[in-house]
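**Student:** Dumping the structure here so I can ask a few things about it.
Please treat every number below as a calculation from the coordinates, not as lab data. Please read these numbers as outputs of a predicted model, since none were measured by experiment. Please note: Cβ atoms are built from the backbone with ideal geometry, for glycine as well, and neighbour counts cover all protein chains shown.
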Amino acid sequence: MKIPFFSLDQQHQTIWAELDKAIARVLKKSQFVLGEEVLSFEKEFAFFQNTKHCVSVANGLDALFISLKALGIDKGDEVIVPSHTFVATWLAVSRAGATPVPVEVDPACFTINTLLIEQAITNRTKAIIPVNLYGHPCRLDEILKLAIKYQLFVVEDNAQAHGALYDGKMTGSWGHINATSFYPTKNLGALGDGGAITTDNSMFGQFAGSFRNYGSLEKDSHELLGINSRLDEMQAAILRIKLQHLEERNNQRRKNASLYFEQLKNVGDIILPPNLDEKCLPVYHLFVIQANHRDRLKNYLGERGVGTAIHYPTPIHLQEAYKNLGYMKGSLPVAERLSETVLSLPIWPGLGKEQIEFICNCVKDFFKS
Ligand SMILES: *Cc1c(COP(=O)(O)O)cnc(C)c1O
């Protein structure tokens with residue numbers, strides 16, 4: 001059996017005709033930037049998120065960057081970020097001229113450890129970016145409480161958690177402003193790059209709408225030194241269709257996750273990812289286990305045709321690009337340890353029960369040998 005780490009084939013086959021129709025509609029209309037599809041998608045995504053505003057942009061990194069700009073974050077400011085996340089979370093802060101200040105994650109759930117946030121706050125701290133990593137919600141109520149206490153902004157990075165709920169409320173709607181990505185592999189993915197900002201604050205919404213379009217809300221009038229970062233009509237039309245199928249795809253991911261939870265219980269030294277509980281309804285963007293002999297397990301699975309991935313093999317504070325921040329090996333031990341032990345198993349919607357059983361049997365065999 002050959003099982004790829006990720007595949008969109010099945011997902012797209014089931015909606016092929018719908019996608020075809022949407023693409024033809026855009027082609028026929030011949031308006032490719034900031035037209036009706038984008039307007040409609042923004043309305044529909046705002047409705048889905050239950051936020052007042054949605055501004056679509058070119059990608060998730062821009063969504064984070066523009067969100068920080070909307071809050072007025074600038075040179076000399078500090079923004080609290082998780083030690084373990086995708087590099088874009090930190091890059092957005094750096095691009096705004098501010099300094100990312102990492103706080104270790106809780107290794108049991110991969111999200112920012114709320115007990116460690118307070119000690120990282122200084123008089124320069126302006127915002128916290130909680131990341132709902134791997135599809136698992138952060139403790140967003142506790143983060144908001146801290147934000148109120150210290151008068152900070154919260155920018156949720158929801159790129160990996162479309163449709164997740166925390167305490168019955170959608171992730172991507174908790175922050176003062178929220179950023180997400182529609183990169184093709186995300187739970188809601190375009191057929192290319194895409195991203196969005198959601199907020200209940202009309203000032204932030206207006207800023208984002210202008211900033212992404214040369215700082216202009218009205219033709220030939222420029223109120224900001226903006227950039228060009230727009231979702232195009234083709235991607236918007238495609239995302240409108242995929243949004244209608246998101247809940248069903250997320251349920252497939254949840255079903256796959258429950259099979260893993262059943263079959264990988266007490267296998268070897270594996271630590272399983274957090275499951276749903278009374279507050280968290282995750283969407284399993286990734287199914288990430290931790291194992292001491294991670295590299296050997298990865299090779300073993302690879303030899304048996306099972307694709308896996310590592311999110312992420314090098315901690316951000318040890319990346320060449322962040323040398324200037326002065327962190328050393330040992331500075332952030334939780335993030336460093338995770339980079340050595342995490343392993344993402346296939347969980348894409350369309351993956352069959354027999355395939356998951358095969359993967360789990362391979363994992364069990366590894367620990368027998
Ligand atoms: C994918 C991702 C981003 C960036 O999105 P792009 O669209 O690739 O720029 C940001 N944060 C997290 C957590 C992501 O997973």
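**Student:** Once you sort the root eigenvalues of the Cα gyration tensor of segment 185-283 as a ≥ b ≥ c, which label holds: rounded (a/c under 1.5), prolate (a/b larger than b/c) or oblate (the other case)?
**Tutor:** Values: a/c = 3.31, a/b = 2.50, b/c = 1.32.
In terms of gyration-tensor shape, prolate.
**Student:** Any chance you could run the full-extension gain for S216 through R95? It's 0.36 nm times the residue separation minus the Cα-Cα distance, nm to one decimal. Can you show the working numbers first?
**Tutor:** Details: separation 121, 0.36 × 121 = 43.56 nm, distance 2.10 nm.
Contour length minus Cα-Cα distance gives 41.5 nm.
**Student:** Another question about this same structure. Output the pairs from K29/K69; K69/K169; K329/K364; K279/K329; K2/K43 with a Cα-Cα distance over 30 Å in this structure; if there are none, say none.
**Tutor:** On the way: K29/K69 34 Å; K69/K169 26 Å; K329/K364 33 Å; K279/K329 35 Å; K2/K43 41 Å.
Too far apart for the 30 Å limit: K29/K69; K329/K364; K279/K329; K2/K43.
**Student:** Can you return the aspartates and glutamates within cross-link range of K323? Criterion is Cα-Cα under 12 Å, with same-chain partners fewer than 8 residues away left out.
**Tutor:** Straight-line reach from K323, under 12 Å: no aspartates and glutamates qualify.
**Student:** Which shape class, rounded, prolate or oblate, goes with segment 148-207 when its Cα gyration tensor gives a ≥ b ≥ c as root eigenvalues, a/c under 1.5 marks rounded, and past that a/b bigger than b/c marks prolate? Before the final figure, lay out the partial values.
**Tutor:** Working: a/c = 2.48, a/b = 1.51, b/c = 1.65.
Cα axes put segment 148-207 in the oblate bin.
**Student:** Please return the longest range in the chain lying between exposed loop sites, taking trypsin sites (Lys or Arg not before Pro), DSSP loop only, at most 14 other beta-carbon atoms within 10 Å, and leaving the sites out. Write out the running numbers ahead of the final one.
**Tutor:** Values: sites that count: K2, K52, K75, R124, K219, K265, K279, K329.
Value returned for the longest uninterrupted segment is 125-218.
**Student:** Assuming R0 = 45 Å, can you tell me the calculated FRET efficiency for the pair E142 and N228, based on Cβ-Cβ distance, to the nearest 0.05?
**Tutor:** That pair, E142 with N228, gives E of 0.75.
**Student:** For segment 251-293, what value does the Rg/Rh ratio take when both radii are computed over Cα atoms and Rh is the Kirkwood radius, given to two decimals? Provide the component values of the computation, followed by the final result.
**Tutor:** On the way: Rg = 10.8 Å, Rh = 11.1 Å.
Result: Rg/Rh = 0.97.
**Student:** OK, next. Where does the chain land at 222 nm, in deg cm²/dmol rounded to the nearest 500, when only DSSP H runs of n ≥ 4 count, each adding -39500 (n - 2.57), divided by all residues? Walk me through the intermediate numbers first.
**Tutor:** Numbers: 12 runs with 138 residues, N = 369.
After summing the helix terms and dividing by the residues of the chain, the value is -11500 deg cm²/dmol.
**Student:** Right, another one. FRET efficiency for L116 and N201, Cβ-Cβ distance as r, R0 = 35 Å, nearest 0.05? Please list the in-between numbers first.
**Tutor:** Working: r = 28 Å, r/R0 = 0.79.
That pair, L116 with N201, gives E of 0.80.
**Student:** While we're looking at this one, here's another question. If Lys and Arg each add +1 and Asp and Glu each add -1, what is the summed charge of the other residues whose beta carbon sits under 13 Å from the beta carbon of A96?
**Tutor:** Values: positive: K69, K75, R95, K126; negative: D62, D74, D77, E78.
Charge balance near A96 sits at 0.
**Student:** Continuing with the same structure: Local charge sum around L343 (other residues, Cβ-Cβ under 11 Å, Lys/Arg +1, Asp/Glu -1)? Intermediate results must be reported in sequence, preceding the final value.
**Tutor:** Values: positive: R294, R296, K298; negative: D295, E340.
So the environment of L343 carries a net charge of +1.
**Student:** I want to check a number: in segment 175-270, how many lysine pairs have alpha carbons closer than 28 Å, given a sequence separation of 8 or more or different chains? Walk me through the numbers before you get to the answer.
**Tutor:** Details: K186/K242; K186/K255; K186/K265; K242/K255; K255/K265.
Close lysine pairs found across segment 175-270: 5.
**Student:** A follow-up question, please. Between N299, N50, N250, which gets the highest mean-square fluctuation from a Gaussian network model of the chain, Cα cutoff 10 Å?
**Tutor:** N299
**Student:** Enumerate the aspartates and glutamates that K28 could reach by cross-link, defined here as Cα to Cα under 20 Å, with residues fewer than 8 away along the same chain left out.
**Tutor:** Filter leaves E18, D20, E36, E37, D232, E233.
**Student:** State log₁₀ I(q)/I(0) for the chain at q = 0.11, 0.12, 0.13 Å⁻¹ as given by the Debye formula over alpha-carbon point scatterers of equal weight, solvent excluded.
**Tutor:** Relative scattering, expressed as log10 I(q)/I(0), comes to -0.76, -0.91, -1.05.
**Student:** Of the candidates G72, G330, G307, which one comes out as most mobile in a Gaussian network treatment of the chain with C-alpha springs shorter than 10 Å?
**Tutor:** Highest fluctuation among the options: G330.
**Student:** Additional query: Using only Cα atoms, locate the centre of segment 81-120 and the centre of segment 219-252, then give the distance between them in Å, rounded to an integer.
**Tutor:** Their Cα centres are 26 Å away from one another.
**Student:** With the Cα gyration tensor of segment 216-369 giving a ≥ b ≥ c as the square roots of its eigenvalues, does the rule (a/c under 1.5 for rounded; else a/b larger than b/c for prolate; else oblate) give rounded, prolate or oblate?
**Tutor:** Working: a/c = 2.52, a/b = 1.38, b/c = 1.82.
The shape class here is oblate.
**Student:** To make sure I understand the rule: partners must be aspartates and glutamates, Cα under 13 Å from the Cα of K368, and not fewer than 8 residues away in the same chain. Which ones qualify?
**Tutor:** Qualifying aspartates and glutamates at Cα under 13 Å: D269.
**Student:** Another question, if that's okay. In percent, what relative contact order does segment 125-184 have, based on Cα pairs under 8 Å that are 6 or more apart in sequence? Let's see the in-between values first.
**Tutor:** Working: 110 pairs, mean separation 20.9, N = 60.
This gives 35 percent for segment 125-184.
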